[in-house]
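As structure tokens, the structure follows; a few thoughts come after it.
Throughout, read-outs are computed from the coordinates displayed, never taken from laboratory work. These figures come from a predicted structure and were not determined experimentally. Note that we place each Cβ from the backbone using ideal geometry, even for glycine, and neighbour counts take in every protein chain shown.
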Amino acid sequence: MSGQRIIALLGRSDTPTDAVEEYCQYLSGALEQEGFELRIERLDWSGEGHSSALAVLKRKARGWKGVWVLVQYTALAWSSHGFPSRFIGILKSLRDSGVRVAVVFHDVEPYGGNRIIDRVRRRSQLRTMREALEMSEVAVLTVPAARLSWIENQAGKTVFIPVGANLPVSTTASIREHIPHDERLGIAVYGVTGGKAGVKEVKSITDAVRFAAARVGPLRLIVLGRNSRDAEVALERALAGADVELAVMGVLPGEDVVRCLSTCEVLLFVRGHISTRRGSAIAGIACGLPVVAFEGSETAAPITEAGIALYLPEREGELGKVLARVLGDEHYRATLARQSRLAQRNYFSWPAIAKKYAEFLNKER
């Protein structure tokens, strides 16, 4: 017997992988166990144009009266250049159709930047996010509301639900079997930012890995996910002469990602500070790994309950020292790995996430 129907509404598809769509697919599977049937719908405004896509949505929404629609928000999903003001019209159309609207904020803060266009875009995003919060019955935040700069006096309307890893792992995080690779300990990097930010990331990664290899011994560095192929030449050059075996894997199916991560001893995360919305960092937690990362404005429980070894990016050389300590101290590494497994089971597994959704969906029936 099918469960209570829910719709997940997505905007423009992302490439080469769509993390939000994958999020909805994993959530759908977990919600089945809670008595809900989640169906994914996409508003293809980039192909049909906003007006045509909105007309299609209005027709579909006639059959959704009284149904919860979980509208997935990122700025670029609803605007080519990150000016998502049309998002409000979509919410209004849904409400006018008698739909129950919950907005899932995957982007929880506006974009940064100091150029004039950055400031204008930031104002557009802030206005859209505030209006979306006002128009929704429930706002699902992937970071605690207290950590966000733009939310005030919305007690009772927001629900904090961390993201999970878009990976086929068990409820309790993978218990990794050691796969021997001669004497080398493995470091995983899951995803590299493109552009200038990626150049800085490559330098941070390779400086730290060279430092650790000089103190711990031979290492393996596995780089996979987005933009990893683009960074391959820079990684090879920066690691020349170091006792580091480099493997660049590119974008892989989820099963292969789990396999790669599970052969490593630590995940190195340098793509911004760690938080409960950083799926590529939570991937390491899901696979039972210690995660080396740095703290920021969004760093709060329950991510702090996982096996996180923090470094201060403003302190030159500290990333390498923290990485070397995790790799060089087997007992410390095992303690961090155990914490990651517990955090995965309690907070970041899809069954745990689905239970958080079910709490507000059942309460609001």
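Numbers below:
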{"quantity": "Cβ-based charge dipole, segment 185-346, positive-most Cα from G328, A286, L261", "calculated": "A286"}
{"quantity": "Eligible lysines near K200 by straight Cα distance, threshold 20 Å, same-chain separation 8 or greater", "calculated": "K321"}
{"quantity": "Sum of -39500 (n - 2.57) over DSSP H runs of 4+, divided by residues of the chain (222 nm, nearest 500)", "calculated": "-12500 deg cm²/dmol"}
{"quantity": "From phi via Karplus (6.51, -1.76, 1.60), per-residue ³J(HN,Hα) for segment 230-238 in Hz, x at Gly/Pro", "calculated": "5, 8, 4, 4, 5, 5, 4, 5, 5"}
{"quantity": "Cα principal axis extents for segment 158-308, largest first, Å", "calculated": "51, 36, 29"}
{"quantity": "Kirkwood hydrodynamic radius (C-alpha pairs) into Stokes-Einstein, segment 102-150, 37 °C and 0.692 mPa s, D in µm²/s", "calculated": "287"}
{"quantity": "Projected area, mean over directions - the chain, Cα convex hull, nm²", "calculated": "18.4"}
{"quantity": "Prolate/oblate/rounded call for segment 45-141, Cα gyration tensor, a/c under 1.5 rounded", "calculated": "oblate"}
{"quantity": "³J(HN,Hα) computed for each position of segment 115-132 - Karplus, 6.51 cos²θ - 1.76 cosθ + 1.60, integer Hz, glycine/proline x", "calculated": "6, 4, 5, 5, 5, 5, 4, 4, 4, 4, 5, 4, 4, 5, 5, 5, 5, 5"}
{"quantity": "Links that overshoot a 26 Å alpha carbon limit, given the list K65/K355; K58/K356; K92/K157", "calculated": "K58/K356"}
{"quantity": "Alpha carbon centroid spacing (whole Å) that separates segment 36-110 from segment 289-358", "calculated": "34"}
{"quantity": "Residue exposure sequence - V270, V251 - by fewest surrounding Cβ within 10 Å", "calculated": "V251, V270"}
{"quantity": "Prolate/oblate/rounded call for segment 264-333, Cα gyration tensor, a/c under 1.5 rounded", "calculated": "oblate"}
{"quantity": "Restricting segment 291-342 to GluC sites (Glu not before Pro) in coil, as DSSP defines it, with at most 11 other Cβ within 10 Å", "calculated": "E314, E316"}
{"quantity": "Within segment 185-346, percent of DSSP bridges classed antiparallel, to nearest 5", "calculated": "0"}
{"quantity": "Cβ charges +1 (Lys, Arg) and -1 (Asp, Glu), total dipole of the chain, debye", "calculated": "1200"}
{"quantity": "Point-charge dipole on Cβ atoms (K/R +1, D/E -1) for segment 185-346, about Cα centre, debye to 20", "calculated": "160"}
{"quantity": "Inter-site label distance for V56 and N114 at 7 Å from Cα along Cβ, in nm", "calculated": "4.3"}
{"quantity": "Karplus-derived HN-Hα couplings along segment 253-266 (A = 6.51, B = -1.76, C = 1.60, θ = phi - 60°), whole Hz, x at Gly and Pro", "calculated": "x, x, 4, 6, 4, 4, 4, 5, 5, 6, 8, 9, 9, 7"}
